[in-house]
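This report concerns only the one structure given below.
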Amino acid sequence: MRKEAVVPERCQTIAVMQRIIGGKWKLEILYYIGFENVHRFGGLRRHIGGISESSLTTQLRELEADGFIHRHDYKEIPPKVEYSLTELGKSFMPVMEYLKAWGEENLGK
């Protein structure tokens, strides 16, 4: 008779947070919008080295769908679009500050 593997119960809140902020560039995107006042697509792309246009577009759309950022299209020619934090995104900034401080203290950066 085979023993069935015991699978620990997952913490659903952590699983949801991992899905929301687990994208390769999402924390950097939130950092630049929240702390560095970078609100335009081109500015984000310049600040985040190595990100492709399609990856940035995808990650911005996901953050918008999850309620962390707001996309404002000014409907101008040439196109002008800016991103800002929603109230939910703003409420996440203390977590970002803590992560940054923890990294500086424990990762030697």
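The values are calculated or read from the model by the stated rules, or taken from the named source; none is laboratory data. Keep in mind that this is a model prediction, so the values were computed, not measured. Using ideal geometry, Cβ is built from the backbone for each residue, glycine included, and neighbour counts are taken over all protein chains shown.
The table below gives the values:
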item: Test: residue in segment 9-17 that is crowded, with 16+ Cβ neighbours inside 10 Å and either modelled with pLDDT of 95 or more or among the charged types (D, E, K, R) (or both); result: no
item: Residues that are surrounded by fewer than 16 Cβ atoms within 10 Å (Cβ to Cβ) and touching a His at 6+ places or on another chain (Cβ under 9 Å), drawn from segment 18-46; result: Glu36
item: Any hit, segment 88-101, residues being farther than 17 Å from Val38 by Cα, more than 13 Å from the chain's Cα centre (by Cα) and surrounded by fewer than 10 Cβ atoms within 10 Å (Cβ to Cβ); result: yes
item: Count of segment 68-87 residues which are farther than 14 Å from Ile33 by Cβ and in a loop (DSSP other than H, G, I, E, B); result: 7
item: Given (1) more than 15 Å from the chain's Cα centre (by Cα); (2) in a loop (DSSP other than H, G, I, E, B), index of the condition Val38 fails; result: (1)
item: Residue list for segment 62-86, filter: surrounded by 10 or more Cβ atoms within 10 Å (Cβ to Cβ), over 14 Å from Leu27 (Cα atoms) and among the charged types (D, E, K, R); result: Arg71, Lys80, Glu82
